[in-house]
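Encoded as structure tokens, the structure appears first; notes follow it.
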Amino acid sequence: MNLQHVFSRQSIILDLQSTDKDELFEEMLQAVITAQPDINREEALSALSERESKMTTGIIHSVAVPHCRIDTVRGVAGAIGLSKRGIDYNSLDGSPVHFVFMLVCNPVDDALHLEVLKALSLKLENPLFLQNLSECKTSDDVCDLLGKALY
């Protein structure tokens, strides 16, 4: 799975302005909608909030992977956001989030959704990935990093 197909250059935010989870969802979703304008914003926000109410998606130290399933997205669309200040996210470890990978998936594409989550988790398992991501200066740098094997 090539994550460059999920996270486009226009859906990468190198300096998130959000300070809490609700603001973050709005800011990140706007980047996803830039890549896929037919996505229903209200439906996506509702689905993200509903998914988050079941269990936080801030599951790795300083990383959150908010995701949802809605009908108005084609396949899987995503956004990446980096926050220098950190975002109050109610993470499992209580720490602020600095790296956010949002995924919006179509319910009929469950296999693709799982494939993207697996590819992303493999990247996140490598400590060099987040270190290199934090050093990216442009969206192109992030896309290049997504395409590289770090092993």
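A few points about this structure:
- Among beta bridges that DSSP assigns inside the stretch 44-151, antiparallel share in %, nearest 5: 65
- Separation of the stretch 81-97 and the stretch 114-149, taken as the distance between their Cα centroids, equals 18 angstrom.
- Heavy-atom accessible area ranking, 1.4 Å probe, most first, across C105, C136: C136, C105
- Sequence-separation-based contact order of the chain, relative, with Cα cut under 8 Å and 6+ spacing, percent: 29
- Counting Lys and Arg as +1 and Asp and Glu as -1 over every other residue whose Cβ lies under 9 Å from the Cβ of P66, the net charge comes to +1.
- Solvent-accessible ranking of E43, E135, largest area first, probe 1.4 Å: E135, E43
- The listed residues H67, H5, once ranked by accessible area (1.4 Å probe) with the largest placed first, stand as H5, H67.
- Within-13-Å neighbourhood charge of S53 [Cβ basis; K, R +1; D, E -1]: 0
- Residue with peak Gaussian network fluctuation, the chain [Cα springs, cutoff 10 Å], from L92, L45, L24: L92
- Take the chain with all the other protein chains still there, run a 1.4 Å probe, and you get 49 Å² of accessible area per residue.
- Measuring nothing but protein heavy atoms, the accessible surface of the stretch 78-151 at 1.4 Å probe radius is 56 percent carbon and sulfur.
- To the nearest 10, the accessible area of S53 is 90 Å² with a 1.4 Å probe.
- Cα gyration tensor category, rounded, prolate or oblate, for the chain with a/c compared to 1.5: rounded
The values are calculated or read from the model by the stated rules, or taken from the named source; none is laboratory data. All of these numbers come straight from a predicted model, not from anything done at the bench. Cβ sites come from the backbone with ideal geometry, for glycine too, and all protein chains shown count toward neighbours. Side chains included, ligands, DNA and RNA excluded: accessible areas come from the protein's heavy atoms. Shrake-Rupley method; radii C 1.70, N 1.55, O 1.52, S 1.80 Å.
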